[in-house]
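The values are calculated or read from the model by the stated rules, or taken from the named source; none is laboratory data. Keep in mind that this is a model prediction, so the values were computed, not measured. Cβ coordinates were reconstructed from backbone atoms using ideal geometry, including for glycine residues, and neighbour counts include every protein chain displayed.
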Amino acid sequence: MRENFGFEIELFIRDRKNGFLFLGVTLFLIGLLFYIPYQQVNDIHDKTQKELHTVRNTISSFPVHIVEEDPERYPVYQDVLKESQLIGSQEVALTFYNDLKEYTSIGLELAQSRLQAHEKGYESFNQNFFVPLEQSLRESVYYEALEDQNQLIERDAQSSSTYLVLAISAFSSVFFVFLLLLTSDILTKDDAHSTVIQAYPINESQRLFGKLMIYVTATILTIVGLFAAGYVLSLIPFDAGTMDYPRVIYTASGYEAVSTSQFILRTLLIAVFFTIHTTLLAAVLNTLLKNRYLTLFLGSSLLLCSFLFSRIWAFLAYTPIDYLNPIGVLDGATSERFGQSEIDYSRALLIYGGWSLVYLLVLSISFSKKHRSSRMRKEGGQ
């Protein structure tokens, strides 16, 4: 077993495809260092200006003459006017006084005002003319956490702690495809080394367990190492930031704020579960399709299905299809996009774990049939 384990590690390291994939992650992390300041990512001044423009468009969309004659026909009109006033106050606090604490206090009042407007039918307007309910909920929790912890809101994403969170969130959207490319030949590559592999006195289940250990451990350690290096590198152009800064996540009870360090720890846990799940999925597809390219095609099709059918078929929330972006699940973006409130962090871990057991069962049955067939051929040959 030990010799086979060493052989598999050597194959993993010498695979050029794996090297190119991890090189891509490295380039992504470096590119993000230039992208954040260039695109003014998370710039609150830019955000305030856009919201002010949006709320003014919202006000102009009301038929003023009808509002004045019959204000009950448009119950949210006064709320929109208040929203405009609050955003204007945010701009003044930020531009003229550089008062980030006041900006946060007004932001909390603004988010709560929007929530009240939603209760009156705010969402009945064109989606370009209002802030979505989920965003209002997140901002309410976010500003409240800033006030409770007596922290100042970040002006932009130019801090290393925020860079790390942004990098994790952005990479998560392609993490499934990355893992598919990495593991697409996890079993089919054995055909090219069948003579060597057959020399080891281990069965298919033991070999799969060894591969699973190697792929999961190597992937997680390498990704963590690259992101840690990206964090250290980001200290050159950016401020360090703080690992206590609040981040909003989505749970079964709704949105809640956690520290950046807790966000990263939860990310690591869900990444481990997700990597195990996707590696076993690739192994199942390899076993059934016996082709790495078909594995990539069918695996990628699952990602496409999540965008096409998740809002239509609610039962997909019980399959891995709606959980192919682990950080999207963690921060609530997936739940909002698919309109399925039950998609949250805890359920994601159960889905990954449960389906991994299903994949193991399928592989066990397949290996058992293969072993039985091989034994019968040997007996027939004798």
Under 8 Å by Cβ, and 6 or more places apart or on different chains, what pairs join a residue from segment 332-350 that is outside the structural domain of Ile270 (by TED's automatic domain parsing) and closer than 19 Å to Ala257 by Cβ with one that is surrounded by fewer than 19 Cβ atoms within 10 Å (Cβ to Cβ) and charged (D, E, K, R)? none
Taking the criterion of being polar (S, T, N, Q), more than 19 Å from Glu154 (Cα to Cα), surrounded by 17 or more Cβ atoms within 10 Å (Cβ to Cβ) and modelled with pLDDT under 90, would at least one residue in segment 72-80 satisfy it? no
Could you go through segment 365-372 and let me know if any residue there is modelled with pLDDT of 90 or more, assigned to a helix (DSSP H, G or I), surrounded by 13 or more Cβ atoms within 10 Å (Cβ to Cβ) and among the basic types (Lys, Arg). no
So His45, is it exposed (fewer than 13 other Cβ atoms within 10 Å of the Cβ), of a type outside the set (A, V, I, L, M) and either under 30 Å from Val131 (Cα atoms) or out of contact with any strand residue (DSSP E or B) (no Cβ under 6 Å at 6 or more places or on another chain) (or both): no
Expected single match for assigned by TED's automatic domain parsing to the domain that holds Leu181 and either more than 23 Å from the chain's Cα centre (by Cα) or hydroxyl-bearing (Ser, Thr, Tyr) (or both) among Thr48, Thr26, Thr54 is Thr26
Within segment 32-143, which helices (runs of 4 or more DSSP H) (wholly inside it) include 2 or more residues that are under 28 Å from Ser259 (Cα atoms) and in contact with a Ser or Thr (Cβ under 8 Å, 6 or more places away or on another chain)? 77-95, 100-119
Among the listed residues Gly241, Gly225, Gly230, identify the single one that is outside any helix (DSSP H, G or I) and under 25 Å from Ile30 (Cβ atoms). Gly241
Taking segment 307-323 and keeping residues modelled with pLDDT of 90 or more and either in contact with a helix residue (DSSP H, G or I) (Cβ under 6 Å, 6 or more places away or on another chain) or not assigned by TED's automatic domain parsing to the domain that holds Glu342 (or both) leaves Pro320, Ile321, Asp322, Tyr323
Pick from segment 219-253 the residues that are more than 16 Å from Arg266 (Cα to Cα) and buried (at least 18 other Cβ atoms within 10 Å of the Cβ): which of them is farthest from the chain's Cα centre (by Cα)? Phe238
Please list, ordered by first then second residue, the pairs with beta carbon atoms under 9 Å, 6 or more apart or interchain, first in segment 356-381 and on the phi < 0 side of the Ramachandran plot, second modelled with pLDDT of 80 or more and of a type in the set (Gly, Ala, Ser). Tyr359/Ala283; Leu363/Ala283
Here the residues within segment 44-98 that are among the basic types (Lys, Arg) and without any contact (Cβ under 8 Å) to a residue 12 or more places away in the chain are Lys47, Lys50, Arg73
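Every residue, every condition in (1) modelled with pLDDT under 85; (2) under 30 Å from Thr183 (Cα atoms), yes or no:
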{"position": "Asn4", "(1), (2)": "yes, yes"}
{"position": "Glu8", "(1), (2)": "yes, yes"}
{"position": "Ile13", "(1), (2)": "yes, yes"}
{"position": "Lys17", "(1), (2)": "no, yes"}
{"position": "Leu23", "(1), (2)": "no, yes"}
{"position": "Phe28", "(1), (2)": "no, yes"}
{"position": "Leu33", "(1), (2)": "no, yes"}
{"position": "His53", "(1), (2)": "no, no"}
Of all the residues that make up segment 233-282, how many are within 22 Å of Leu32 (Cβ to Cβ) and in contact (Cβ under 8 Å) with a residue 40 or more places away in the chain? 25
Somewhere in segment 93-104, is a residue farther than 30 Å from Phe238 by Cα and outside the structural domain of Tyr163 (by TED's automatic domain parsing)? no
